[in-house]
């Protein structure tokens, strides 16, 4: 009796389906801020555009931070408890300098996993040089889920 074993399958090639890239669903017309902008001007941007957070970019469009509504709430604490005026404060004084980003090459499965393992509502999407290309939100991933045919799961 002759027995020839089968070749082992490559686990990467046995993926049941491929998922669309995040670039197909991300928003590309997002509002951004500069670090030297006053915090009062930044609050106006958040309110006028009805957004909860905005990436802060340097001159090369690289992300240096994020400013969220929660970051801005520190203004009232600084003013009330520490008697600190905030009229001359800048975005760089209140922004979060550590920012979780998503690669432009990521697929929606990877992004969905990031949303499930963090508390963030949106992620900046960057290219290989760290430049902002857009942002992806939980809602964007829901749209992708809706677009995927149920028969491919």
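All of the numbers you see were taken from the coordinates with simple rules; none came from a lab. These numbers come from a predicted model, not from an experiment. Because the Cβ atoms are built from the backbone with ideal geometry, glycine has one as well, and the counts that use them run over all protein chains shown.
General observations
- The test for being over 23 Å from residue 135 (Cβ atoms) and either touching a helix residue (DSSP H, G or I) at 6+ places or on another chain (Cβ under 8 Å) or buried (at least 18 other Cβ atoms within 10 Å of the Cβ) (or both) holds for residue 87.
- Answer residue from the stretch 67-84, given it is assigned to a helix (DSSP H, G or I) and crowded, with 17+ Cβ neighbours inside 10 Å and is nearest to the chain's Cα centre (by Cα) among those: 71
- Within the stretch 118-140, the set of residues being over 19 Å from residue 97 (Cα atoms) and free of Cβ contacts under 8 Å to residues at least 24 places away in the same chain comprises 138, 139.
- Only one entry of 99, 64, 56, 45 meets the criterion of being in contact with a strand residue (DSSP E or B) (Cβ under 7 Å, 6 or more places away or on another chain) and part of a helix (DSSP H, G or I), and that entry is 45.
- Matching residues in the stretch 102-130 - criterion: being in a loop (DSSP other than H, G, I, E, B) and either surrounded by 11 or more Cβ atoms within 10 Å (Cβ to Cβ) or touching a helix residue (DSSP H, G or I) at 6+ places or on another chain (Cβ under 9 Å) (or both): 104, 105, 106, 120, 121, 127, 130
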